[in-house]
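Have a look at the structure below before the remarks.
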Amino acid sequence: MESIALTYPQHARAIWKLGLPLILSNVAQFAIHMTDTVMLGWYNVTALAAVTIASTMFFVIFIVGAGFAQAVSPLVAEAAEGGDEVRVRRVTRMGMWLSIIYGLAVTIPFFWTEQILVAIGQDPEVAALGHIYLQIVIWQMVPALIVWTLKSFLAALEHTAIILWATVGTAVLNVLVNYLLIFGNWGFPELGITGAAIASLSVNIAAVLMLVAYINRYLPQYELFKNFWRSDAEIMLRVFKLGWPIGLTSLAEGGLFSASAVMMGWIGALELAAHGIAIQLAGLTFMVHIGFSQAATVRAGRALGRRDEEGLRRGGKTAIGMSAGYALVTSSLFLLFPAFLVGLFVDPSDPDRAMLIQIGASLVMVAALFQLVDGLQVLALGLLRGVQDTTVPMLMATVSYWLIGLPVSYVMAFPLGLGPVGLWLGLVIGLGCAAVTLLWRFWGRSVRITPAMPVLAE
């Protein structure tokens, strides 16, 4: 058990040591999605618009189920701090069970995605291509959720190097398969958006195999896959209770951005493509904040396991400061080089290049405004999850995103006539409200730990 008298620099080093591999793995994971965007942008603007809306639809469904995977991290961290290997195994297994059950259940609606996309106002050609993409990508739902569960298990035990290397390996594989199948290089068929979907499915299966092999080789004491079929109702219920608010919180945030993509599609296909590029840039920088948040979850979970209130406070302040400092750097880059950054995603010979860059650059400049608030709100969520406080934060986030952010986005974009820029300004306001309320929740209540508390009740 580590000392509870760590200084702020010691907390920073601990967060950095745990968080850096997670940050880099998040960047590598995001690079998989960015590779699809860049290569499809080079291939065809319509294909880029289709994968933007289709991947958004997939992500909205996926992120709900990922709540069970994310619940594994704080529960395993608390159990590991107490030396309870049996509970670590039970929690992780039931996290995988819930992920599999959910992943299989949600495949059915994806057979009608073309009709759904047309019904929500998308261009018929974009909807048809999006449907083709999703008919393949939907089969990665279960392996992707299992990967997230295993990553949560490994992160809570501070085995983060394998998370990094497995993700880097799959990112390289994704580039290779995209190169072969999107464009038809080296004698392979030119499949366009279908090739991107096959690559995405392949890398998720490869990631499962790599993580399972590592766990069996280096963490055999947990016996995660021995008698895997045995149910554990008590722990499954615990993971479910902690995980469903996490999933719905993520849905509320992901849904906010998905709704913004739908509304951008109402404005036009070029605007939607530019929105996709700007989201990729903002999302790439956001991966660092997610890494800090994941590290904060584990550190807070460990503090809860030790009943170390002072360590929780100091660690929370340190993580917030690190995330805020990074946000200031990325905001500066977005303000200084918006057109250059957008131009990296568009084929120089594309006739729509100039217009895409003009629209995209204006959105990237707005994205600079929400770097800080977006980072702070996800960091606050990570701290709250670490102390197993998820239901009230879910409600706070949902109100901020949907009752404030989304209506403001609509009003600014359409009645006020600000178009794409107004839509994004509404996102800034919603995320800012979430950051303020969630930080207030953590410092006002959830930071308190008493020796008798097994978990923090809602």
Exercise. Residues Leu341, Leu395, Leu369, Leu403: which one is among the aliphatic types (A, V, I, L, M), over 30 Å from Leu18 (Cα atoms) and over 17 Å from the mean Cα position of the chain (by Cα)?
Worked result: Leu403
For this session: Inspect the stretch 86-104 for any residue being among the hydrophobic types (A, V, I, L, M, F, W, C), free of Cβ contacts under 8 Å to residues at least 40 places away in the same chain and closer than 24 Å to Ala196 by Cα and give the result as yes or no.
Result: yes
Problem set entry | Scope the stretch 154-199; condition among the hydroxyl-bearing types (Ser, Thr, Tyr) and in a helix (DSSP H, G or I); matching residues | Thr167, Thr170, Tyr179, Thr194
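Based on this model, can you work out whether Gly121 counts as in contact with a Phe, Trp or Tyr (Cβ under 6 Å, 6 or more places away or on another chain), more than 18 Å from Arg238 (Cα to Cα) and either open to solvent by 60 Å² or more (accessible area, probe 1.4 Å) or not in a helix (DSSP H, G or I) (or both)?
The answer is yes for Gly121.
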For this session: Working only within the stretch 173-192, note down all residues that are open to solvent by less than 10 Å² (accessible area, probe 1.4 Å) and over 24 Å from Ile163 (Cβ atoms).
Result: Ile182, Gly192
Exercise. In the stretch 289-319, which residues are within 18 Å of the chain's Cα centre (by Cα) and open to solvent by 20 Å² or more (accessible area, probe 1.4 Å)?
Worked result: Ile290, Gln294
Exercise. Which residue pairs have Cβ atoms closer than 8 Å, lie 6 or more positions apart in sequence or on different chains, and pair a first residue in the stretch 329-353 that is within 16 Å of Leu284 (Cα to Cα) with a second residue that is open to solvent by less than 90 Å² (accessible area, probe 1.4 Å) and aromatic (Phe, Trp, Tyr)?
Worked result: Leu341/Phe334
For this session: Give the residues of the stretch 3-25 that are free of Cβ contacts under 8 Å to residues at least 12 places away in the same chain and surrounded by 14 or more Cβ atoms within 10 Å (Cβ to Cβ), sorted by residue number.
Result: Gln10
For this session: Report, by residue number, each residue of the stretch 335-350 that is aromatic (Phe, Trp, Tyr) and either at pLDDT below 85 or part of a helix (DSSP H, G or I) (or both).
Result: Phe340, Phe345
Problem set entry | Per-region count, the stretch 371-427, residues in contact (Cβ under 8 Å) with a residue 40 or more places away in the chain, surrounded by fewer than 19 Cβ atoms within 10 Å (Cβ to Cβ) and among the small types (Gly, Ala, Ser) | 1
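The values are calculated or read from the model by the stated rules, or taken from the named source; none is laboratory data. Computed from a prediction, not measured in an experiment: that's the story for all the values here. Glycine also receives a Cβ, built like all others from the backbone with ideal geometry; neighbour counts cover every protein chain displayed. Keep in mind that these areas ignore ligands, DNA and RNA; they rest on the heavy atoms of the full protein, side chains included. Shrake-Rupley method; radii C 1.70, N 1.55, O 1.52, S 1.80 Å.
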